[in-house]
1. Counting just the Cα atoms, what span does the stretch 80-159 cover along each of its three principal axes? Round to the nearest Å and put the largest first.
2. Assign one of three labels to the stretch 146-294, namely rounded, prolate or oblate, based on the Cα gyration tensor with a ≥ b ≥ c the square roots of its eigenvalues; rounded applies when a/c is under 1.5, prolate when it is not and a/b is larger than b/c, and oblate otherwise.
3. Taking only C-alpha pairs under 8 Å that are 6+ residues apart, what is the relative contact order of the stretch 233-350 in percent?
4. Based on DSSP H runs of at least 4 residues, each adding -39500 (n - 2.57), what is the mean residue ellipticity at 222 nm of the chain after dividing by all its residues, to the nearest 500 deg cm²/dmol?
5. If you rank 124, 21 by fewest surrounding Cβ atoms within 10 Å, what's the result?
6. Expected output is a single nm value to one decimal: the length gained when fully extending between residue 262 and residue 177, i.e. 0.36 nm times separation in residues minus the C-alpha distance. What is it?
7. How high is the relative contact order of the chain, in percent, counting Cα pairs under 8 Å that sit 6 or more residues apart?
8. Please report the spacing between the Cα centers of the stretch 111-172 and the stretch 23-37 in Å, no decimals.
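The numbers here are math on the coordinates, done by the rules we state, and not lab data. Here the structure is a predicted model, which means the values were calculated and not measured. Here the Cβ positions follow ideal geometry from the backbone for every residue, glycine too, while neighbour counts run over all protein chains shown.
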């Protein structure tokens, strides 16, 4: 229904209108109709169900959805949407909210921040907080619906990975203690594109009399990053414990279990599930690096660099006939007596 026509030199909305009346909160179907209209036209204010008059100020509005004019429709001021609160006939914003007024039953669009000063007694803040909480709950339940059934498997994998990492990190500490931190730091400096290099004096001098030093590739080594990666086993354990409280061991019962969760519980379960997924991804990367580092062939390539005549911190690594791996700083002795054995777990080594 048309109530009047605006006359101005600025871009204007064609008319003030009154749309459909909703005795109760509009359905998802009505909201979807609005979103589809916006997607096709880029003009939220022309949706047939919309009312452009100013809403009652002494109520708690219901925010139905947030929306934004699609980028392809934006042409500055002239393509913006009007605000039912402060600019019902003139373009005002690109991003806003679709709201329903319980007092008069109409749907309107407003700018994101326009309601704070309009509605009385902080009711807009209350409505916004409820909307954002409901939005967060919807995101959480969607994520849980897709991934919650994976939780038992993730937990089993996580506790197994924790054990393997504990053993691998302990072995890393033993090897670092033998080589020294200075040696490990030198490795990082000499690592180039997967190779450990040596700065070797060529015996020649340049025109100024300075010695000419060349960088020589000595051995191709993997897993060097495992020496410096920081990882707290306790943080992985905390994530596993937190996620473990939500576990449902029967896959067919997951949907029913999730439906009984309150809003706060659903959000908490989603948070803990995302945290354990992220923690396992990080732990998995470290486990792979440790596996690469402690593979025996890789250790042999590592010791090739350590035994090079120009290595700044000489060391050697070898394996005796019984399969025990030893490491020592300096020149290799004739026997393994007095050398430190490395407890390389089978889960990370060969």
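1. Reported extents, whole Å, longest axis first: 60, 29, 21.
2. Working: a/c = 4.13, a/b = 3.33, b/c = 1.24.
In terms of gyration-tensor shape, prolate.
3. 20 percent
4. Theoretical 222 nm ellipticity from helices: -13500 deg cm²/dmol.
5. With the fewest neighbours first, 124, 21 line up as 21, 124.
6. Difference between extended and current length: 25.5 nm.
7. In percent, rounded to a whole number, it is 14.
8. Cα centres, the stretch 111-172 to the stretch 23-37: 26 Å.
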